[in-house]
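The values are calculated or read from the model by the stated rules, or taken from the named source; none is laboratory data. What you see is a predicted model, and the numbers here were worked out from it, not measured in a lab. Reconstructed Cβ throughout: ideal geometry from the backbone, glycine too, with neighbour counts over all protein chains shown. Note: areas computed on protein heavy atoms with side chains; ligands, DNA, RNA excluded. Shrake-Rupley method; radii C 1.70, N 1.55, O 1.52, S 1.80 Å.
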Amino acid sequence: MTDTSASEALDRAFGLIREIRDYPKPGIGFKDITPLLADPLAFGAVVDSMAEAWRGQVDVVAGIEARGFVLAAPIALALGVGFVPVRKSGKLPHETLGVEYSLEYGTAAIEMHVDAVRPDQRVLVVDDVLATGGTAAATCELVERVGARVAGVSVLLELGFLAGRDRMPGRELSALFRV
């Protein structure tokens, strides 16, 4: 893909992210990426762009449930590294390590298998949207608790007005789009 067509595909991708008002509760503007995922050119450009920024810098990609999986798995393949799912509590079958955190609209808990990453591995944390930063910060905590290193956090869309970046001081954070 040429730079011009890649740029056009990314512009298209951004335009395909729609806002669903008052979901999952009143006052929340949910960013729906399903139209973007349905467009192979836009989706491919997103994966390529997000992967390229981290080429040669990571050993594994950790994707946050659920929409983070959709981005993280192809990014891991593009980078030639493994994929690790970070899931809601009670969803993983093996021994897990978990952490509870706050969201913009409540609290939640996530888990990762205790042996999902090895000590000193460089882990890229991937999610679709960075809002308040709670989920991404909790995932970074899990990665570090097993002795691995967070190489960075990569998101499709950062909601700058919610200041999620502030919850990850000193961490490398890349957002393909920011509003």
Task: Whole-Å distance, taken between Cα centres, linking segment 144-179 and segment 104-138 - done: 10
Task: Cα-based convex hull, segment 54-149, per residue volume (Å³, whole number) - done: 86
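Please give me the summed charge of the neighbours of Asp128: other residues whose Cβ is under 12 Å from its Cβ, Lys and Arg +1, Asp and Glu -1. Please report the intermediate quantities before stating the final value.
Details: positive: Lys31, Arg67; negative: Asp32, Glu65, Asp127, Glu158.
Once positives and negatives cancel, what remains is -2.
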Task: Listed residues Val61, Pro119, Thr107: farthest to the positive end of the dipole of segment 20-179 (Cβ charges) - done: Thr107
Open item on the list: Could you tell me the ratio Rg/Rh of the chain? Both radii from Cα atoms, Rh via Kirkwood.
Closed with: 0.95
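Over all distinct Cα pairs, what is the inverse of the mean 1/r for segment 1-49, reported as the Kirkwood hydrodynamic radius in Å? Working shown, then result.
Numbers: mean 1/r = 0.0875 Å⁻¹.
Over segment 1-49, the inverse of the mean reciprocal pair distance is 11.4 Å.
Per residue, how large is the accessible surface of the chain? Use a 1.4 angstrom probe and give square angstrom. Don't skip to the end; give the middle numbers.
Working: 8680 Å² over 179 residues.
For the chain, the per-residue accessible area is 49 Å².
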- [ ] Determine the dipole magnitude for the chain: charges of +1 sit on the beta-carbon of Lys and Arg, -1 on that of Asp and Glu, nothing else is charged, the reference point is the Cα centre, and the result goes in debye to the nearest 20.
- [x] 220
TODO: Under 11 Å from the Cβ of Val81, count the other residues' Cβ atoms, weight Lys and Arg +1, Asp and Glu -1, and hand me the total.
DONE: +1
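Tally Lys/Arg at +1 and Asp/Glu at -1 over every other residue whose Cβ is under 13 Å from the Cβ of Val47; what's the total? Please list the in-between numbers first.
Values: positive: Arg55; negative: Asp39, Asp48, Glu52, Asp128.
My count for the surroundings of Val47 gives -3.
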